[in-house]
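Scroll down for the structure; my scribbles are underneath it.
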Amino acid sequence: MTEFKICGISKTEHAVAARKYGAYWIGFVFVPGVRREISVEKVKDIIGQYRNITGPGGPGLVGLFANQPLSDVSYISGECNLDYVQLCGDEDETYWRQLDIPIIKQIKVASVGNKSKNVANLRQRVGNALDKDTIPLLDRLEKGKLGGTGKSFDWSVAAELPDDWDYMVAGGLGTANVADAITQLSPWAVDVSSGVETNGKKDINKIREFANKVVSMNESK
């Protein structure tokens, strides 16, 4: 069964929709200077309204960070009562170990160059994350970008990972290709942001369509 995450939430109604349609996680972007950056105060407001509408439980709350001070990550995680942090920068194991919260670690996948080397590098990095009880999230490697490029990576590289390894897949996913990603990779989870947006804003109809695609693929297995 493949779970899914709706990332880049900025309005209460989108968090409610993500829960309604079965998301396993919802994500809030705390990375400074990126398009979907959101303030701590705004997230607290969204979560408060969301809880009033839906009650306890539901998707895990994820905060996205990149190369930010540990003190900031810990403070924001506590203030927003997050369930996970997603690290999208160059954070190493020493950094991971100082966070007392489950971690999703973005691992960038090269789509150019020697494929054998790309596979070996990915296998080493994903295996290391799993050994450290950290959830690997595969995304496209693009120079100068922290992620969220809206572009997919070479799935054939990830297809070389062991079948029993659990990882998440991000990068350019949407209703048109998520079924193909699940068919080719059988990932533990898929992660979408721009793929459920219209004119740069979350679209409830697209959230529903994306969720239905994932559910349909799970039912067909």
Contact list, first residue from the range 12-32 and free of Cβ contacts under 8 Å to residues at least 40 places away in the same chain and in a helix (DSSP H, G or I), second anywhere and of a type outside the set (D, E, K, R) and open to solvent by 20 Å² or more (accessible area, probe 1.4 Å), beta-carbon distance below 7 Å, six or more apart or interchain, is Val16/Ile53; Val16/Thr54
Check: Does the range 167-188 contain at least one residue that is touching a strand residue (DSSP E or B) at 6+ places or on another chain (Cβ under 7 Å), more than 23 Å from Ala23 (Cα to Cα) and open to solvent by 20 Å² or more (accessible area, probe 1.4 Å)?
Finding: no
Taking the range 193-221 and keeping residues within 10 Å of Ala179 (Cα to Cα), hydroxyl-bearing (Ser, Thr, Tyr) and in contact (Cβ under 8 Å) with a residue 60 or more places away in the chain leaves none
Going through (1) hydrophobic (A, V, I, L, M, F, W, C); (2) within 22 Å of Val190 (Cβ to Cβ); (3) out of contact with any Cys (no Cβ under 6 Å at 6 or more places or on another chain) one by one, Val73 fails only at (2)
Within the range 140-168, residues at pLDDT 95 or above and under 20 Å from Phe65 (Cβ atoms) come out as Tyr167, Met168
When Arg36 is run through (1) charged (D, E, K, R); (2) in contact with a Gly (Cβ under 7 Å, 6 or more places away or on another chain); (3) free of Cβ contacts under 8 Å to residues at least 60 places away in the same chain; (4) crowded, with 20+ Cβ neighbours inside 10 Å, the failure sits at (3)
Taking the range 189-205 and keeping only residues that are in contact with a strand residue (DSSP E or B) (Cβ under 9 Å, 6 or more places away or on another chain) and farther than 18 Å from Phe28 by Cα, one is left with Asn205
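The values are calculated or read from the model by the stated rules, or taken from the named source; none is laboratory data. Bear in mind the structure is a predicted one, so any value in this text is a computation, not a measurement. Counting neighbours? That spans all protein chains shown, and the Cβs are built from the backbone with ideal geometry, glycine included. Just so you know, the surface numbers come from the protein's heavy atoms only, side chains and all, with ligands and any DNA or RNA stripped out. Shrake-Rupley method; radii C 1.70, N 1.55, O 1.52, S 1.80 Å.
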